[in-house]
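Structure first, commentary second.
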Amino acid sequence: MSKRHKPHPVIGAMKGTVTIAPGVDLTKPANSYWALDLAEFKASLKDKEPPRGIAPALQALWWVKKGDWDKAHRMVMDEGSREAAWVHAYLHRVEGDDGNAGYWYRQARRQPARGPHEAEWETIVATLL
């Protein structure tokens, strides 16, 4: 009579610990925007929507470049990350509100930018990608 072997205790230990968020389709290809660089991000500005799956701070930079400052501002207003604070600072700098921008630069732990807005936009995008 053969002796039945018990499986190793690690087998099945992770069962039930992975949850797939509602609406996620695992049969779709991986997100093509995971490997974006600055040039590809800029090229996406011809599209109607920002690249799928990018963080709110990058979405805000995308929308402001498309001319929708208000939408960009709404996206970072309630975000708690330093990245969002940096974008928030940039938006207020573009707006001309240097006092408010200074507050957000401090929240982001960044020195206030002094150069052209375009250069700062590119620096933030390249850093966040």
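Laboratory data are not the source of any read-out in this text; all were calculated from the coordinates shown. Computed from a prediction, not measured in an experiment: that's the story for all the values here. Backbone-built Cβ (ideal geometry, glycine too); neighbour counts: all protein chains shown.
Values as computed for the structure displayed
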| quantity | calculated |
| --- | --- |
| Residue 122 being over 19 Å from the mean Cα position of the chain (by Cα) and of a type in the set (D, E, K, R) | no |
| Residue among 79, 83, 95, 118 that alone is acidic (Asp, Glu) and touching a residue at least 40 places away in the same chain (Cβ under 8 Å) | 83 |
| Residues located in segment 90-99, provided they are closer than 16 Å to residue 70 by Cβ and exposed (fewer than 15 other Cβ atoms within 10 Å of the Cβ) | 95, 96, 97 |
| Test for residue 43: is it out of contact with any helix residue (DSSP H, G or I) (no Cβ under 8 Å at 6 or more places or on another chain) and closer than 17 Å to residue 127 by Cβ | no |
